[in-house]
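So the structure is just underneath, and the comments pick up after that.
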Amino acid sequence: MKIHTISLLCAAALLSACSTPAALLTASNEQHDACNNAELKGQLAEADLACTQALRTAEQANAAPELLSQRQYNLGRIKRLEGKNAEAEQLYRQALATEEAAQPRSDTRIGRRTVELASALAAQGKWQEGSNYLERALPLLPNLSPPSRTYSADVLRQYAKQLQGGPQAALGKRFEVVAANLK
């Protein structure tokens, strides 16, 4: 009887050791790598699962805001690629809020998350709301990486086309000018 109780206590100790913040962060990083690998192979369902696990594990570990924001953003990107734009929108909103509350703030990460949120909103026909976010992002866009600037320019052009001829035509023209200067 004592041996059984000791075995149970040892098993419980091992399980709790596996759930330390450091172990959880290691697991989150491994899940993040699995997500990236699956995405590169075009296996979006597998990437979705791995990114979801990476986010949940980071949350359990009480990870730093920068890491949580990155995990939220990555899962949102996978959801967008899957065409699950409402889910992507919510994840981008979370990532943006997490990033804006982080200290120190990263304007580059805020810019990327804001453009992705605008893209998810556009995919749902929420052009007005998305244009507000995109307008907010304009001063941040020149600091993005070249691939992110290219993606941002594409989103800006999409909005410019949608806004032309309407009450926000001037904003659409501004988006077109900024897009042309992002190259």
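Overview of values
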| quantity | calculated |
| --- | --- |
| Amide H contacts of Lys84 (H built 1.01 Å from N, under 5 Å, at least 5 apart or other chain) | none |
| Equivalent ellipsoid, the stretch 69-152 (semi-axes from 5 times Cα gyration tensor eigenvalues, Å) | 18, 15, 12 |
| Over 22 Å (Cα to Cα) - which of Lys41/Lys84; Lys79/Lys183; Lys79/Lys126; Lys41/Lys183 fall in this group | Lys79/Lys183; Lys41/Lys183 |
| Label-to-label distance, nm, for residues given as Ala23 and Ala101 (7 Å Cα→Cβ offset) | 2.8 nm |
| Whole-percent carbon and sulfur share, accessible surface of the chain, 1.4 Å | 57 percent |
| Net charge contributed by nearby residues that have their C-beta within less than 15 Å of Glu66 (K/R +1, D/E -1) | +1 |
| Residue-normalised accessible area of the stretch 12-147, expressed per residue, 1.4 Å probe, Å² | 48 Å² |
| Asn36-Gln128 FRET efficiency (beta carbon distance; Förster radius 41 Å; 0.05 resolution) | 0.75 |
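The values are calculated or read from the model by the stated rules, or taken from the named source; none is laboratory data. Every value quoted in this text rests on a predicted model; they were computed, and no experiment measured them. Note: ideal-geometry Cβ built from the backbone for every residue, glycine included; neighbour counts use all protein chains shown. Each accessible area value is taken on the protein alone, full model and side chains, heavy atoms only, with ligands, DNA and RNA left out. Shrake-Rupley method; radii C 1.70, N 1.55, O 1.52, S 1.80 Å.
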